[in-house]
Each structure stands twice: as structure tokens, then as C-alpha cells.
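Here the structure comes first, spelled out in C-alpha cells, and everything after it is commentary.
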Amino acid sequence: MQRTLPVAGMLFLLTGCPGPADRAVPRILATVVVKDNGICPLSPMQAGEQITALQLYSDAGDKLIKLLNDAPVYVPQGECLPTFGYAFLPGKKFVVAYDVAVLEQPVSHVIIAGFSVSSDSTLL
């Protein structure tokens with residue numbers, strides 16, 4: 001009995017306490033299209049929401065992290081979310097995530113999209 005108690009205690013410390021404060025940030029999927037020969041993640045944003053950060057990663061280890069706390073961005077639904085000039089190279093996979101805050105509310109969510117770029121030179 002004494003041996004199981006320390007193991008159970010260690011497991012509890014590693015996993016944390018379940019409860020109302022342990023909430024995962026909701027994720028909303030975005031559709032990605034090619035528009036004007038560029039990558040365009042389409043905005044699912046609602047009125048009162050603002051992008052506060054962008055995280056963009058490729059399977060090659062490239063990344064772009066941009067904080068927009070001083071100048072948050074609103075993009076109307078169906079318009080292209082900003083990629084800040086990132087060069088999406090063919091033959092790679094990408095994940096882009098936008099941190100979104102809701103004005104005057106202590107809630108947030110993430111807009112996320114995963115996609116790959118074809119090596120077809122006519123797309124980019």
C-alpha cells in the first residue's frame with residue numbers, strides 16, 4: 001500500500017488538477033485557398049474579435065511568430081487572414097495559428113489551419 005501512494009501522488013503532480021481553471025483554448029478551423037497567386041487562410045472571425053498573435057510553422061522547422069498586442073487586427077469573415085509576407089515554399093507542410101481575443105470579455109480562441117503547398121509552379 002505504501003508503494004502505490006507515492007506513484008499515485010507523482011502521477012497527480014505530473015498531470016495537474018482537473019477543474020474549472022484547466023480549460024483548453026477552443027480551436028476554430030480555417031479554410032485555406034489560393035488567391036491572387038498567394039496563400040489565403042479565410043477568416044471565420046466574428047464582430048468584436050481581434051487577432052493578437054500569429055504563429056506559423058513549417059515541417060522544415062521554419063517559423064514566424066508575430067505579436068499584435070499593440071495593434072490587434074480584425075479581419076471580416078471570408079477575407080484573407082494576414083500572413084505578413086511569409087514565403088510559403090512548395091513541397092512543404094505548414095500550420096498557421098491565430099490567437100484571437102474577444103473584446104471586453106476574458107475569453108479567447110485560436111484559429112488554426114494546416115495545409116501543404118504543391119510543387120506545381122502555377123500556384124505560387
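Restricted to strands (runs of 3 or more DSSP E) entirely inside region 23-70, those with at least 1 residues that are out of contact with any strand residue (DSSP E or B) (no Cβ under 6 Å at 6 or more places or on another chain) and in contact (Cβ under 8 Å) with a residue 12 or more places away in the chain are 27-29, 32-35, 38-41. When you look at A87, is it under 18 Å from P41 (Cα atoms), free of Cβ contacts under 8 Å to residues at least 60 places away in the same chain and small (G, A, S), yes or no? When the stated conditions are applied, A87 passes them. The requirement of being over 28 Å from S118 (Cβ atoms) and among the aliphatic types (A, V, I, L, M) is fulfilled somewhere in region 41-52, by at least one residue. Scanning region 75-124 for residues that are of a type in the set (D, E) and part of a loop (DSSP other than H, G, I, E, B), we see that the one that is modelled with the lowest pLDDT is D120. Checked against the criteria, S58 does not count as modelled with pLDDT under 90 and of a type in the set (S, T, Y). One residue alone among P82, P76, P106 is closer than 24 Å to N37 by Cβ, out of contact with any helix residue (DSSP H, G or I) (no Cβ under 9 Å at 6 or more places or on another chain) and surrounded by fewer than 13 Cβ atoms within 10 Å (Cβ to Cβ), and that residue is P76.
The values are calculated or read from the model by the stated rules, or taken from the named source; none is laboratory data. These figures come from a predicted structure and were not determined experimentally. Neighbour counts are summed over all protein chains in view; Cβ atoms, including those assigned to glycine, are modelled from backbone coordinates with ideal geometry.
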